[in-house]
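Presented below is the structure to which this report refers.
The values are calculated or read from the model by the stated rules, or taken from the named source; none is laboratory data. Remember, predicted model here, so these are calculated numbers, not experimental data. Heads up, the Cβs are rebuilt from the backbone with ideal geometry, glycines too, and the neighbour counts pull from every protein chain shown. Remember, those area values only see protein heavy atoms, side chains included, never the ligands or the DNA or RNA. Shrake-Rupley method; radii C 1.70, N 1.55, O 1.52, S 1.80 Å.
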Amino acid sequence: MSYARTVIANRARSNTRSFKFSDQRITSAVLLAGWLAYQPCAVLANGEKATLEEVTVFGIRIGSATAQTLDQLPYALQRANAEDLERSQTLDLSEFMSNKLTSVSVNSAQNNPLQPDVQYRGFTVSPLLGLPQGLAVYQDGVRINEPLGDAVNWDLVPESAIHNMDLIGGTNPVFGLNSLGGALVVSMKNGFNYDDTEIEAYSGSWDRVVVNAQSGGNRALSNGDEWGYYLNYSYFEEDGWRDLSDSDADNYYATLSWRRDDQTAVDLSYQYADSKLIGNGALPIGLLGEDRNAIFTAPDITENKLNMFNLELSHQLFNEVRLSGNVFRRRNKTESFNGDGSEFEACEYAGGAESLFEEADDTEDALDDLLGIDLDAICDGEDPSVTNFADLEGLIEAQAELAGLDPEDFELEDVSDELTGTGIISDEAINNRSRRKQTSEGVNAQLSFDQDLFSRDNLLIVGFGYIDGKSDFAASLELADLDPRTRSTEGLGVGTFYEEAETDIDTQTETMSAYFTDTLALTDRLSITLSGRYNDTDITLRDRSGESPELNGDHNFSRFNPAAGLTYAFTDDLTAYGSYGEANRVPTPLELACNEGVFELAREFAIADGEDPDDIDFECRLPNAFLADPPLDDVVTRSYEAGLRGRYENITYQIGVFHSTNNDDIIFQTTGRSTGLFANVDKTRRMGFESAVQWRSGSLDWYVSYSYLEATFEDNFMVLSPNHPNANEDGELAVENGDRIPGLPEHMVKLGGDFEFVPGLSAGLEMIYNSNQVLRGDESNDLDTVDSFTVVNLRASYWITQQLQLFGRVTNVFDENYENFGLLGEDPDEVLPDLADDRPLFLGVGAPRGGWIGLRYRL
């Protein structure tokens, strides 16, 4: 075989090409209008329809194991396999989805490449605690949404070990809790779907170094048994393009597999991951104009250590009945360290006595303007008549009475008695430290019945699931000094801790569920799918310190969610689908322990303990503090979607619409740059349009996509946003029905393609356009938005020999300065008093141009 033919053969190892669509005919008018969106589905390279491969949910395997075809799926599906991920040269799964998949965007709130907020159809899946998580995420049947806040850590999903991934659109109850906007299902490699040995390494900008090594294979024994193995190691490190932003991550993944006579399959997998990620967050706009690489305060460190075991089993009980399921244990220990600006003010009186005030800025101005009291001079020891806090209180009371004003309007809160540790006082900065140990254990089992019903093809799947998620959470707040050059607090903690911000709590979330899905071919062209899932969830919170009984709580949420869908094949090349579904997500322990009902409850406990209820703070620091535990309602999403999908000659394409309404949606209301609380909102809505086209001819394979998203509040309400210039005296904004939800672009366009110049040499391009988005904290839509942006990436590869490949990639080719996230924060003058623009506007900065080159070797 010639070298050229060998290269072609190597690339044809997988029959399924990525970024293909199922069959449909689309009008030229729609194509010319540009209503196109890229939607990869399982279609063979020769254009024939393919049966879907394993789409795994709780061990459900839709496809070859159940004979369900793409034409019978009544919802949108985007699929990518290992070849697609490798060709893209993306760092991780989140970057791949952002660059390639329809209706997917990211927010760089943390500015770490492994910590983005990924958004699909306006629903979020993110590693950041406090964000409402609207997608369910599974890895080989294991739910990897963490127990405490349903967050997903992208650094714990090694891209090189992924066999395929499926992004399922719509509200589908079979995928369980959090599948409000859809589900992301990741299937990992094993010795039967990967039979090779390969190592790759690349390096380049920001001193990034990535190494991936993998090996897999299988062997048949004389007794009919087949054994397989798969090993993977992934390594990442970089200094980061922002200052003081070095990160690293290690992932080890292994699978031992056994097969017998195509009847029984067993896979035992283990994963260990260890990462340290630094993401120093958004920049105030004044600092952004001076230096895009700078940091405001630092560091923001997240360290993860993961151990996960998963045992999957599938067995053919009878000719048309199959049993499958899995048992798993997942334990992730996360430690975070966040240096931030101080909310305190230190006071050293004449004679040397000291006090520490909390959030005294507004009161300080009022004391000076209305009472003639210069607090700065007093706290610098310049007034010999004020030698302690009692003297200061007396002075305020006397001056207020002379002015005919109420002394309580000028009350200062001295928190000195709530300090522990060394007793050294600093008001320059604070260190927020937290530790959370999250353990998920569970079992899933299901039966698949591939039997005719009324002489028509019918597939029935029934299943049961149980998951027990435990969280051990502890947090503290330490006073710290601030390096004036780097604005970092690392190593500068003074050893004094604010007792009121300390938290020590256990949470447990137990969910039992039963589900079914049934697909019946009513005719040769018309199929109906009915499904439903019943979820029963118990959430328990317990204070371990003995100091915060208001944290204790027990909650139960139960609901049955139904769904129904139809597909109709007009021709072999044109299929229509439509569906309705419901799903819910229960409030997380984090949300239950920090919401707008905490104020009155905490006041009641303070009164019962003989304390001043006015000392209760109406906020919590994310992710580092809880307050109390009155319940929130669970979020219920009702969703409709419809579309067409098909093929015309070498063109495949899809067009669809969706409409999702969240009832009792939970939002985070800010009381500062990093503090706030959760509240139910009556309704929010996400509706839109997505379409897609791809054309393959000879050496050229290209795609183009367009999606439109209208994400709005469907209620009139007041929201906390004290840093907003239009906030009232209580720090609230009036949100009106129809206002846009922050952080989401309305328009997204993605296009790209690959061209093979000669066998073995190819190049690719991708372009991503996102329109503007509303600032977080501007729910009333009063301020300027974050600007739209366009980013272009290039890549190329060349097979030097049959085993050795050279590849390279350049991102943000035109080095565009752009931002993809924005929020209203605290006054930056507290940390940087000399900024020319001191607006409390913080932006998430997009990465500058970067380039990498590497080698891949296959044995």
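A few remarks follow.
- Modelled label positions at Asp838 and Val321, each set 7 Å beyond Cα in the direction of Cβ, lie 7.6 nm from each other.
- Total formal charge among the other residues, if their Cβ is under 10 angstrom from that of Asn326, Lys/Arg +1 and Asp/Glu -1: -3
- Options (1) 31.3; (2) 37.2; (3) 28.6 - which one matches Kirkwood radius over Cα pairs in Å as calculated here: (3)
- The stretch between Asp225 and Lys305, if pulled fully straight at 0.36 nm per residue, gains 25.3 nm over its current Cα-Cα span.
- Within the accessible area of the chain (1.4 Å probe), percent carbon and sulfur: 51 percent
- Backbone geometry of region 79-92 corresponds, through the Karplus equation with coefficients 6.51, -1.76 and 1.60 at θ = phi - 60°, to 3J(HN,Hα) couplings of 10, 9, 10, 4, 5, 5, 5, 5, 5, 5, 6, 6, 6, 8 Hz, x marking Gly and Pro.
- Ordering Phe296, Phe318, Phe560 by accessible surface, largest first, gives Phe318, Phe560, Phe296; the 1.4 Å probe counts only protein heavy atoms, with every chain in place.
- Computed helical MRE - 222 nm, the chain, DSSP H runs ≥ 4 contributing -39500 (n - 2.57), nearest 500: -2000 deg cm²/dmol
- Under 11 Å, Cβ to Cβ, from Thr790 - net charge with Lys/Arg +1 and Asp/Glu -1: -1
- Length added when fully stretched, Arg544-Phe755, from 0.36 nm per residue minus Cα-Cα: 69.9 nm
- Accessible heavy-atom area order of Trp206, Trp852, Trp227, Trp695, highest first, probe of 1.4 Å: Trp227, Trp695, Trp206, Trp852
- Heavy-atom accessible area ranking, 1.4 Å probe, most first, across Thr801, Thr684: Thr801, Thr684
- Computed E for Leu402/Glu348 - FRET, C-beta separation, R0 22 angstrom, nearest 0.05: 0.25
- Spatially close Lys pairs in the chain, defined by Cα atoms under 14 Å apart and a spacing of eight or more places or different chains, total 10.
- Extended-chain gain in nm, criterion 0.36 nm per residue less alpha-carbon gap, Asp730 and Tyr857: 39.5 nm
- Peptides 161-167, 528-534, 841-847, 214-220 ordered by packing proxy, namely the average of other Cβ atoms within 10 Å per residue, highest first: 161-167, 841-847, 528-534, 214-220.
- Residues Glu710 and Thr790, FRET efficiency given R0 of 22 Å [Cβ-Cβ distance, rounded to 0.05]: 0.55
- Karplus (6.51, -1.76, 1.60) ³J(HN,Hα), θ = phi - 60°, over region 108-118, in Hz, Gly and Pro reported as x: 8, 5, 8, 6, 10, x, 9, 10, x, 8, 9
- Taking the chain and dividing mean pair separation by its residue count, relative contact order in percent (alpha carbons under 8 Å, at least six apart): 13 percent
- If a spin label sat at a point 7 angstrom from the Cα of His659 along the line to its beta carbon, the backbone N atoms of region 546-580 nearer than 17 Å would be those of 564-566, 577-580.
- Entry comment: accessible area of the chain is 38 Å² per residue, from protein heavy atoms only and a probe of 1.4 Å.
- Modelled this way, with points 7 Å down the Cα-to-C-beta line, the labels at Asn552 and Ile800 are 6.8 nm from one another.
- Span from the region 752-775 Cα centroid across to the region 372-445 one, whole angstrom: 54 Å
- Note on His659: accessible area approximately 60 square angstrom, rounded to 10, probe 1.4 Å, nucleic acids and ligands left out.
- What the phi angles of region 156-166 give under the Karplus curve with 6.51, -1.76 and 1.60, with θ = phi - 60°, is a coupling list of 9, 10, x, 4, 5, 9, 7, 7, 7, 9, 10 Hz, glycine and proline written as x.
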